[in-house]
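Working notes for the structure below.
The numbers here are math on the coordinates, done by the rules we state, and not lab data. For clarity, every value in this text was computed on a predicted model and none was experimentally measured.
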Amino acid sequence: MHRWASCAVAALVFVVLSSSNASAQNLLANPGFEDPITFNGPPFVGFWEGFSGGGPNASAANSTANPRNGAMNLDLTINNQNDSFAGVFQDVEGLVPGQVGTWSGFQRTPTSPTNFGLGIEYRIEWRNSVTNTEVSRTLNSTAPVPTSAYAPFSLTATVPAGADTARVVYAIQTFGGEPNPTNTGTVFLDDVSFSVIPEPSTLALAGLGALGVLRRRR
């Protein structure tokens with residue numbers, strides 16, 4: 001193979017791999033919860049928005065209690081409150097239908113959610129930033145159940161038609177009287193991420209562009 005042909009093939013490989021690697025970067029701001037979460041309302045890009053409800057004993061807050069990395073993590077707590085919830089979310093804009101997004105992170109609990117009626121849920125809500133409406137959402141993921149050591153959770157889904165924004169959500173909730181009426185517990189969250197892989201056609205176009213350079217040189 002001629003030297004220029006070898007260079008063109010190398011360029012093709014570089015373009016495809018660099019496109020994939022670049023898009024796999026973490027698109028979330030404040031992934032380690034080192035900066036304070038907010039309760040300010042929209043827009044929800046560039047920071048974590050906290051929420052809680054169902055009673056005064058549910059909270060979402062930054063905490064220094066046993067972070068996985070850095071000085072802080074997120075503390076979601078419900079204290080003796082039935083039918084309550086607490087969580088955070090953040091919007092990631094600039095997505096393209098067909099891209100594959102992965103929402104992931106690490107979770108732990110100093111209590112036992114299954115023993116205290118405390119459940120977790122995380123999901124991706126696909127939104128349109130122009131109309132400010134929700135297009136669709138993934139089903140709530142509830143596994144794996146947090147344990148006393150940090151362990152990963154992950155959810156992967158494809159950006160649907162009409163969506164350009166992912167709203168990543170993580171929350172805890174309690175249920176009235178099941179299985180234990182105290183409904184008390186805490187879940188810590190840290191080192192979270194949202195990354196995307198280009199739709200296959202995008203990578204194919206990048207590859208075809210490099211091949212076009214090769215053919216023109218021939």
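Distant-in-sequence amide contacts of GLN99, defined by a placed amide H-H separation under 5 Å and a gap of 5 or more residues or a different chain, comprise VAL159, GLU199. Across the stretch 29-37, coupling constants 3J(HN,Hα) worked out from phi with the 6.51/-1.76/1.60 Karplus curve, θ = phi - 60°, read 7, 6, x, x, 6, 6, 9, x, 6 Hz, and Gly and Pro carry x.
Working note: Karplus 6.51/-1.76/1.60 with θ = phi - 60° gives the stretch 94-111 the couplings x, 8, 10, x, x, 5, 10, x, 10, 9, 8, x, 10, 9, 8, 9, x, 10 Hz, where Gly and Pro are set to x. The value of relative contact order for the stretch 26-197, using C-alpha pairs under 8 Å at least six residues apart, is 32 percent.
In this structure, the amide hydrogen of THR38, modeled 1.01 Å from its nitrogen in the peptide plane, lies closer than 5 angstrom to those of TRP48, GLU49, GLY50, counting only residues at least 5 positions away or on a different chain.
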